[in-house]
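First up is the structure itself, then whatever we jot down about it.
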Amino acid sequence: MGVSAMRRKGLHRAIAFLAAAGLIASACGGGGDSTSEPADSPAEETTSEPAEEPAAEEPAVEAGDEAEGDVDTEVVEDDTVQVSYGGSISVGLEAEVTGLRPWEDNCSSPCYNMMVAVYDKLVEQDVTGAYAPYLAESFSSNDDYTVWTVTLRSGVTFHNGVALTAQSIVDMFPIQQAGAASAGVVASSGLTSVEATGDLEVTYTLSAPKAIFPSYLARAPLGMVFEAGAAAADPDGFSMAPVGTGPFVIESRDLDNKTVFVRNADYWGSDPDGNQLPYLDSISFLPIPDEGTRLDALLSGTVDAMQTLRQGTIRDARDARDGGAAIELLESQGNNVGGGMFNMAIAPFDDLRVRQGLISLNSQEQVIEALGGTGISLPGTQWFSADSPWWSQKVAEAWPKFNFDAGVEKLNEYINDAARSDGKAVGESIDVELSCPPDPTLIAAMQVLQQTLEATELVNVTMTNYDQQTHINNALGMDNGFQGVHSMHCWRWSSEDDPTAGILAFLSEPTNFPNWTGEYADEAKALAAESGATDDFATRKALFEEIMMIIVDQLPIWYSGHTATAIGTSPAVHGLNGWHVPSGDLGIGFPSAEGRWSEVFISG
Amino acid sequence: MPLRVKFASLWLFLIVFGAIYAKLDTGLFDGKLPLQNPNYQTNGFDVTTGTFGTGTPIESMSGAHWLGTDAIARDTFARIVHGGWVSLIVVVVSAACGVIVGGLLGSLVGFVRGRVETVIMASVDVILAFPALVLLLALVSIFEVRNLFVISAVIGVLSIPAYTRVARANSLAISSREFVTAARAIGTKPSRILMREVIPNVMPTLLSYAMVAAAFVVVVEGSLSFLGLSVQLPTATWGNMINQARRDIKINVAQVLWPSLALSVTVLSLNQVGDFFQQRSAVRGSSL
């Protein structure tokens with residue numbers, strides 16, 4: 001296989017991964033996200049200290065904070081209970097994690113819960129969303145962001161006793177270049193070489209300026225540190241017996257039943273008071289795919305914690321809690337937003353009037369109600385939730401609201417156009433295949449959309465439900481030059497990761513990515529590329545706003561509501577809210593129902 | 001007739017009546033009969049008023065909605081009545097396929113015997129060797145458009161082997177009876193014996209079997225619907241109603257309960273009536 005072919009294969013993998021990561025799943029399923037792409041927020045500064053997220057005095061940042069309908073649980077210090085060592089907890093996950101190799105196994109929300117127990121990331125996000133050193137002691141870049149230097153902590157050992165050195169990171173790189181989950185991320189990051197420039201100093205060289213590079217070090221494919229020697233010796237076995245530097249060491253793994261991790265007695269981390277972490281003796285993860293069963297497991301005490309990405313489950317958990325059940329909920333309104341996309345490569349979705357018409361007929365409140373998310377999920381207007389520093393009031397106001405008459409008018413314009421692109425006779429209704437994965441909540445939402453669209457008597461809606469993999473493949477279009485065979489297709493957008501990478505993938509060339517065509521792509525892509533080359537918050541925010549406004553103009557996608565996620569716990573479980581990065585600052589909390597377990601302890 | 005069979009018959013009559021009534025309402029009478037539109041979302045956008053309806057999702061029983069509403073504020077009673085139509089059609093088509101094709105085939109091979117019997121029964125055994133639901137899922141997933149015709153046809157075709165077996169067993173027994181031997185002795189043509197003596201005596205058993213098999217077919221269709229592989233939305237079926245309501249089971253268990261009850265009582269009734277007819281046909285058969 002030639003180099004170009006290998007690159008293409010890696011790109012295809014990356015595309016598939018991005019597509020899969022973005023999909024609805026579950027409530028939408030399920031979704032999870034999580035992303036292959038680098039994490040969040042504004043870029044780092046060229047210092048060893050965590051980059052400052054937007055300055056507090058910047059009004060733009062406050063705009064999101066002040067938005068209506070904030071339903072998140074605030075990330076705060078959990079200092080009401082004295083920490084204590086010992087004990088075990090079990091955690092119910094929404095799905096089994098098929099593999100625990102950061103370079104090979106695509107990681108979503110359940111996977112991150114498990115992986116952060118066994119691996120440390122070089123970089124983590126703090127409570128402001130800024131990137132802070134974690135397993136790295138510091139990081140910095142040159143002036144044009146093409147060379148990044150990461151200094152590792154000293155005295156850290158892997159679970160198999162091997163010492164962590166700069167060479168450990170260098171040895172990971174060839175594996176990451178070939179990995180199914182990491183190859184595409186390596187490509188998109190522009191990472192060309194990783195060198196040991198000291199015992200603990202690693203130098204990353206990029207092919208182009210990338211101010212947001214630390215965000216890549218905060219996610220599994222590039223950021224999670226594994227023992228390359230063990231991985232190279234037995235790549236398949238590593239999936240069942242991972243070796244990292246994390247707070248817990250794997251003890252047993254029974255797929256589809258239980259994975260048990262025990263305390264890493266040699267863990268390097270400590271809490272702000274200097275107490276060695278982790279506190280727990282062991283932690284078990286149990287896949288419980290059925291949402292109701294997982295919640296029941298928490299309510300009955302079968303598990304001590306559970307995660308969910310479904311509004312309906314959050315609603316039921318809230319009801320149970322308000323009804324007196326002894327549980328606590330850590331809720332997060334993520335950037336991830338449900339909705340769907342139009343295949344602009346085919347008629348009639350290639351015509352802006354059709355997209356405008358269909359989106360004007362999307363009653364978000366009704367759809368969210370059908371999804372079970374009223375009072376839980378906020379209507380989406382952009383790739384950022386109202387809590388995100390990137391959220392834009394201007395975009396929120398510009399996004400088309402439900403307007404039946406306007407929708408009918410736009411559709412009529414198209415239908416009565418003799419040059420209409422679908423080849424039908426003037427006056428004939430348009431055909432729309434509305435497709436979602438077969439999740440009951442999505443099916444309910446589809447039917448809400450169908451009733452409104454068909455009420456115009458201008459749209460014939462066919463609803464289809466394919467399993468999640470088929471749903472992805474239909475959009476991916478591996479067999480037809482990435483055009484896909486979809487039309488109006490349920491999908492999810494955005495994540496807590498840094499927006500640049502996600503937007504760049506979204507705006508890839510039509511021949512490389514299935515869904516996106518049109519004149520807007522070049523302009524928006526240039527803006528996205530520009531956003532990755534600067535770490536100035538205000539500049540980046542303005543660029544993202546401009547990109548979102550282009551989406552408002554072109555309407556390749558539509559939104560339902562933002563994905564509310566939650567981790568439910570027994571009241572005896574503490575420390576999920578209010579964990580810390582090594583500097584002592586609060587960590588980002590629990591976005592996308594991803595918990596960090598090193599500071600978790602049991603009271604009483 | 002035992003009381004339980006009378007109740008079972010009454011229930012089946014109501015289901016059939018309701019299904020036909022519902023079909024007439026949406027077809028011939030264009031929604032003018034007193035039954036709510038099963039697909040109308042009462043909180044949806046009303047074109048005539050230009051506003052959203054005031055219906056409530058997952059509503060409890062009320063005068064306006066006898067069995068409440070589902071997750072998108074549709075009338076559950078109307079959906080259950082309409083759901084009966086899908087079950088009814090699937091049952092009728094599968095029974096028709098089974099009795100006509102399976103019955104004729106089984107009667108023929110049981111009477112003729114020889115290589116024809118060996119080949120046909122071997123084919124039947126091969127088909128029956130596959131787990132029925134797995135085979136059904138595989139066949140159904142082939143079709144991109146899954147309408148009532150496709151679902152009925154697939155279930156109907158898969159019903160044939162079981163009917164063939166039953167018909168052959170009865171045909172074998174009847175073919176060795178005195179009246180068949182007598183017909184042969186007086187030189188009656190085999191085809192005439194088959195049509196006049198064998199098939200008429202196989203049919204009562206086959207029809208009573210059809211009642212019992214119908215119960216199985218209702219469950220199979222319900223399973224397909226639950227998995228989202230039966231007729232496409234928004235057509236109401238009991239299986240897809242259960243599937244869609246399970247999300248809200250903690251809020252309103254009744255929305256899962258009603259279609260489940262409809263399905264269970266129908267299956268129970270078909271079994272009761274089927275058993276009754278089987279006993280009757282067995283008695284009649286022994287008196288031949």
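The values are calculated or read from the model by the stated rules, or taken from the named source; none is laboratory data. What you see is a predicted model; the values in this text were computed from it and never measured. Cβ sites come from the backbone with ideal geometry, for glycine too, and all protein chains shown count toward neighbours. For accessibility, only protein heavy atoms count, side chains too; no ligands or nucleic acids. Shrake-Rupley method; radii C 1.70, N 1.55, O 1.52, S 1.80 Å.
What number of residues in the stretch A:259-306 are open to solvent by less than 40 Å² (accessible area, probe 1.4 Å), outside any strand (DSSP E or B), more than 14 Å from residue A:329 (Cβ to Cβ) and of a type in the set (A, V, I, L, M)?
Here the count works out to 5.
For (1) open to solvent by less than 10 Å² (accessible area, probe 1.4 Å); (2) free of Cβ contacts under 8 Å to residues at least 24 places away in the same chain, each residue gets a yes or a no:
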position: A:542; (1), (2): no, yes
position: A:546; (1), (2): no, yes
position: A:553; (1), (2): no, no
position: A:557; (1), (2): yes, no
position: A:577; (1), (2): no, no
position: A:582; (1), (2): no, no
position: A:591; (1), (2): no, no
position: A:595; (1), (2): yes, no
position: A:601; (1), (2): yes, no
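Yes or no: residue A:386 open to solvent by 10 Å² or more (accessible area, probe 1.4 Å), outside any helix (DSSP H, G or I) and in contact with a Leu (Cβ under 7 Å, 6 or more places away or on another chain)? Even if it seems obvious, please write down each step before you answer.
Values: open to solvent by 10 Å² or more (accessible area, probe 1.4 Å): yes; outside any helix (DSSP H, G or I): yes; in contact with a Leu (Cβ under 7 Å, 6 or more places away or on another chain): yes.
So residue A:386 fits the description; yes.
Can you find, within the stretch A:421-455, the residue that is farthest from the other protein chains (Cβ to nearest Cβ) among those that are β-branched (Val, Ile, Thr) and surrounded by 22 or more Cβ atoms within 10 Å (Cβ to Cβ)? Quick ask: steps written out before the conclusion?
Restricting attention to the stretch A:421-455, the residues satisfying the condition of being β-branched (Val, Ile, Thr) are A:426, A:430, A:432, A:441, A:443, A:448, A:452.
Remaining after also requiring surrounded by 22 or more Cβ atoms within 10 Å (Cβ to Cβ): A:430, A:432, A:441, A:443, A:448, A:452.
On the way: A:430: 18, A:432: 14, A:441: 6, A:443: 6, A:448: 6, A:452: 5 Å.
Checking each candidate, the answer is A:430.
Out of B:32, B:23, which single residue is away from every other protein chain (no Cβ under 14 Å), open to solvent by 60 Å² or more (accessible area, probe 1.4 Å), assigned to a loop (DSSP other than H, G, I, E, B) and among the basic types (Lys, Arg)? Write out each step before concluding.
On the way: B:23 fails: assigned to a loop (DSSP other than H, G, I, E, B).
Exactly one residue qualifies, and that residue is B:32.
Got at least one residue in the stretch A:336-359 being more than 14 Å from chain B (Cβ to nearest Cβ), open to solvent by 40 Å² or more (accessible area, probe 1.4 Å), at pLDDT 95 or above and more than 30 Å from residue A:485 (Cα to Cα)?
Taking every residue of the stretch A:336-359 in turn, none turns out to be more than 14 Å from chain B (Cβ to nearest Cβ), open to solvent by 40 Å² or more (accessible area, probe 1.4 Å), at pLDDT 95 or above and more than 30 Å from residue A:485 (Cα to Cα).
Filtering the stretch A:399-420 down to residues that are closer than 22 Å to residue A:339 by Cα and away from every other protein chain (no Cβ under 14 Å), which residue is most open to solvent (accessible area, probe 1.4 Å)?
A:410
What number of residues within the stretch B:133-162 are open to solvent by less than 30 Å² (accessible area, probe 1.4 Å) and of a type outside the set (A, V, I, L, M, F, W, C)?
5
Hey, any hits in the stretch B:121-132 for a residue that's assigned to a loop (DSSP other than H, G, I, E, B), open to solvent by 20 Å² or more (accessible area, probe 1.4 Å) and more than 20 Å from residue B:235 (Cα to Cα)?
Residues of the stretch B:121-132 assigned to a loop (DSSP other than H, G, I, E, B): B:130-131.
With open to solvent by 20 Å² or more (accessible area, probe 1.4 Å) added as a condition, the list becomes B:130-131.
Next, only the ones that are more than 20 Å from residue B:235 (Cα to Cα) stay: B:130-131.
Among the residues of the stretch B:121-132, at least one is assigned to a loop (DSSP other than H, G, I, E, B), open to solvent by 20 Å² or more (accessible area, probe 1.4 Å) and more than 20 Å from residue B:235 (Cα to Cα), which makes the answer yes.
Take residue B:94 and tell me if it is more than 14 Å from chain A (Cβ to nearest Cβ) and part of a loop (DSSP other than H, G, I, E, B). Spell out how you get there, then give the answer.
Numbers: more than 14 Å from chain A (Cβ to nearest Cβ): yes; part of a loop (DSSP other than H, G, I, E, B): no.
Answer is no for this residue.
What pairs can you find where one residue is in the stretch A:459-477 and closer than 27 Å to residue A:407 by Cα and within 13 Å of chain B (Cβ to nearest Cβ), the other is among the basic types (Lys, Arg) and open to solvent by 30 Å² or more (accessible area, probe 1.4 Å), and their Cβ atoms are less than 6 Å apart, with a gap of 6+ or different chains?
Pairs that qualify, where the first residue is closer than 27 Å to residue A:407 by Cα and within 13 Å of chain B (Cβ to nearest Cβ) and the partner is among the basic types (Lys, Arg) and open to solvent by 30 Å² or more (accessible area, probe 1.4 Å): there are none.
Residues A:320, A:305, A:265, A:297: which one is of a type outside the set (D, E, K, R) and more than 25 Å from residue A:99 (Cα to Cα)?
Values: A:305 fails: more than 25 Å from residue A:99 (Cα to Cα); A:265 fails: more than 25 Å from residue A:99 (Cα to Cα); A:297 fails: more than 25 Å from residue A:99 (Cα to Cα).
Just a single option satisfies the conditions, and that option is A:320.
Do you know which residues across the stretch B:66-89 are assigned to a loop (DSSP other than H, G, I, E, B), more than 14 Å from chain A (Cβ to nearest Cβ) and open to solvent by less than 20 Å² (accessible area, probe 1.4 Å)?
Going through the stretch B:66-89, the residues assigned to a loop (DSSP other than H, G, I, E, B) turn out to be B:66-68, B:70-74.
Within this subset, residues satisfying the condition of being more than 14 Å from chain A (Cβ to nearest Cβ) are B:66-68.
Result: B:68, single match.
For the stretch B:248-272: of the residues being out of contact with any helix residue (DSSP H, G or I) (no Cβ under 7 Å at 6 or more places or on another chain) and within 12 Å of chain A (Cβ to nearest Cβ), which is surrounded by the most Cβ atoms within 10 Å (Cβ to Cβ)?
B:252
Could you please find all residues in the stretch A:87-126 being of a type in the set (Gly, Ala, Ser) and either open to solvent by 20 Å² or more (accessible area, probe 1.4 Å) or part of a strand (DSSP E or B) (or both)?
Initially, the stretch A:87-126 is screened for residues of a type in the set (Gly, Ala, Ser), giving A:87-88, A:90, A:92, A:95, A:99, A:108-109, A:117.
Within the stretch A:87-126, A:87, A:88, A:90, A:92, A:95, A:108 meet the criteria.
From the list B:245, B:236, B:282, B:214, which residue is at pLDDT below 95, in a loop (DSSP other than H, G, I, E, B) and either open to solvent by 50 Å² or more (accessible area, probe 1.4 Å) or of a type in the set (Gly, Ala, Ser) (or both)? Lay out the reasoning, then the answer.
Numbers: B:245 fails: in a loop (DSSP other than H, G, I, E, B); B:282 fails: in a loop (DSSP other than H, G, I, E, B); B:214 fails: in a loop (DSSP other than H, G, I, E, B).
Just one listed residue meets the conditions, B:236.
Can you pull out the residues in the stretch B:40-62 that are of a type in the set (Gly, Ala, Ser) and either at the interface with chain A (Cβ under 9 Å from one of its Cβ atoms) or open to solvent by 70 Å² or more (accessible area, probe 1.4 Å) (or both)? Show your work before the answer.
Taking the stretch B:40-62 first, the residues of a type in the set (Gly, Ala, Ser) are B:44, B:50, B:53, B:55, B:60, B:62.
Answer for the stretch B:40-62, where residues must be of a type in the set (Gly, Ala, Ser) and either at the interface with chain A (Cβ under 9 Å from one of its Cβ atoms) or open to solvent by 70 Å² or more (accessible area, probe 1.4 Å) (or both): B:44, B:50, B:60.
May I ask you to list the residues in the stretch B:162-192 that are part of a helix (DSSP H, G or I) and either hydroxyl-bearing (Ser, Thr, Tyr) or within 30 Å of residue B:233 (Cα to Cα) (or both)?
B:163, B:164, B:171, B:175, B:181, B:191
Name the one entry in B:145, B:101 that is in contact (Cβ under 8 Å) with a residue 24 or more places away in the chain, more than 27 Å from residue B:261 (Cβ to Cβ), β-branched (Val, Ile, Thr) and within 14 Å of chain A (Cβ to nearest Cβ). Spell out how you get there, then give the answer.
Values: B:101 fails: within 14 Å of chain A (Cβ to nearest Cβ).
None of the other options fit; the residue is B:145.
Determine which single condition residue A:321 fails, assuming it passes every other condition in (1) open to solvent by 10 Å² or more (accessible area, probe 1.4 Å); (2) at pLDDT below 90.
(2)
Only residues in the stretch A:292-312 that are of a type in the set (Val, Ile, Thr) count as the first member; pair them with residues that are in a loop (DSSP other than H, G, I, E, B), Cβ under 7 angstrom, at least 6 apart or cross-chain, and list the lot.
So the pair list comes out as A:308/A:94.
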